1. Could you say whether any residue in the stretch 92-107 is farther than 17 Å from Trp41 by Cβ, of a type in the set (Asp, Glu) and surrounded by fewer than 16 Cβ atoms within 10 Å (Cβ to Cβ)?
2. Determine whether Leu208 is in contact with a His (Cβ under 8 Å, 6 or more places away or on another chain) and not hydroxyl-bearing (Ser, Thr, Tyr).
3. Filter the stretch 54-69 for residues that are without any contact (Cβ under 8 Å) to a residue 60 or more places away in the chain and over 14 Å from Arg106 (Cα atoms) and give the result.
4. Checking Ser152 against (1) within 24 Å of Ala90 (Cα to Cα); (2) buried (at least 16 other Cβ atoms within 10 Å of the Cβ), which test does it fail?
5. Are any residues in the stretch 174-196 exposed (fewer than 13 other Cβ atoms within 10 Å of the Cβ) and out of contact with any helix residue (DSSP H, G or I) (no Cβ under 9 Å at 6 or more places or on another chain), and if so, which ones?
6. In the stretch 168-214, which residues are assigned to a helix (DSSP H, G or I) and of a type in the set (Phe, Trp, Tyr)?
7. Right, Phe89: assigned to a helix (DSSP H, G or I), surrounded by 18 or more Cβ atoms within 10 Å (Cβ to Cβ) and among the aromatic types (Phe, Trp, Tyr) or not?
8. So how many residues does the stretch 109-127 have that are among the aliphatic types (A, V, I, L, M) and free of Cβ contacts under 8 Å to residues at least 40 places away in the same chain?
Amino acid sequence: MSKKQKKPAWETAVRKAMYRATINESKRRYKTSTPTFNYRWEHVTAVVALAEKLAALTGGDRDIVVAAAWLHDVRKDTGNNHPREGAVFALRFLPKTDFPTKKIKRVAHAIGQHMGLWRDKPLTVLEAQILWDADKLTKIGLTAAIHWTGGSLAKDKPHSTHSLIQQGRAADWQEKTVASMHTKPAKKAAKKRLKAYNKFWDKLERELDGGDLK
């Protein structure tokens, strides 16, 4: 979409719906509606950007992937049921907007398929694949390092740089996430992101310990 083109009303609507959901989550998670770092909002906005880019690169339907990206975590309050509940939310919410009626069920399908950090069997619908890839790409690169660090610090609990490093390195599932990518652009980016992620924590620890001094 050209920067000069006005976005349809439904995009504003889903964005606002997701923002309200992140405020409610912040109240539960951080005990405030104005956290120093709103992890869920940062995550979702990153997923939207990646989903839109992947749709353009793979021929996916932009409307479907953007709507699904904005709403995929809208019912995160329901825990492991959030993909199903998010799909139900989309089916009820989107008809109240100017979103194309014929595409609503496809948005719900994509949302309903994004649970987990890796897959044993690949998804078969392109828009669901795109949402999956966009969501998981945010969890294996420098984006993940910043998001998780920010989210941890926002909880207002004691942290040290070394404890943040150990927390970052604890994500040993990420190799499976890389292997679960569907689209060609995501497969390529995922490998680079995981390499950068691991390198980031290694370099940080070497700096702290003076390992870079010769």
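1. Taking the stretch 92-107 and keeping what is farther than 17 Å from Trp41 by Cβ, we get 92-107.
So of that shortlist, the ones also of a type in the set (Asp, Glu) come out as 98.
So of that shortlist, the ones also surrounded by fewer than 16 Cβ atoms within 10 Å (Cβ to Cβ) come out as 98.
Yes, the stretch 92-107 contains a residue that is farther than 17 Å from Trp41 by Cβ, of a type in the set (Asp, Glu) and surrounded by fewer than 16 Cβ atoms within 10 Å (Cβ to Cβ).
2. Numbers: in contact with a His (Cβ under 8 Å, 6 or more places away or on another chain): yes; not hydroxyl-bearing (Ser, Thr, Tyr): yes.
It is true that Leu208 is in contact with a His (Cβ under 8 Å, 6 or more places away or on another chain) and not hydroxyl-bearing (Ser, Thr, Tyr).
3. Within the stretch 54-69, the subset without any contact (Cβ under 8 Å) to a residue 60 or more places away in the chain is 56, 63, 66-67.
Within the stretch 54-69, Ala56 is the sole residue that qualifies.
4. The one condition Ser152 does not meet is (1).
5. Across the stretch 174-196, the qualifying residues are Lys188, Lys192.
6. Residues of the stretch 168-214 assigned to a helix (DSSP H, G or I): 168-169, 174-179, 184-209.
Residues satisfying the conditions are Tyr197, Phe200, Trp201.
7. Working: assigned to a helix (DSSP H, G or I): yes; surrounded by 18 or more Cβ atoms within 10 Å (Cβ to Cβ): yes; among the aromatic types (Phe, Trp, Tyr): yes.
Taking the combined requirement at face value, the residue satisfies it.
8. So in the stretch 109-127, the residues among the aliphatic types (A, V, I, L, M) come out as 110-111, 115, 117, 123, 125-126.
Okay, now just the ones that are also free of Cβ contacts under 8 Å to residues at least 40 places away in the same chain, so 115, 125.
Counting residues in the stretch 109-127 that are among the aliphatic types (A, V, I, L, M) and free of Cβ contacts under 8 Å to residues at least 40 places away in the same chain gives 2.
Where a number appears in this text, it was derived from the coordinates with a stated rule and is not lab data. Everything numeric in this text was worked out from a predicted model, so none of it was measured. Ideal geometry is used to build each Cβ from the backbone, glycine not excepted, and the neighbour counts take in all protein chains shown.
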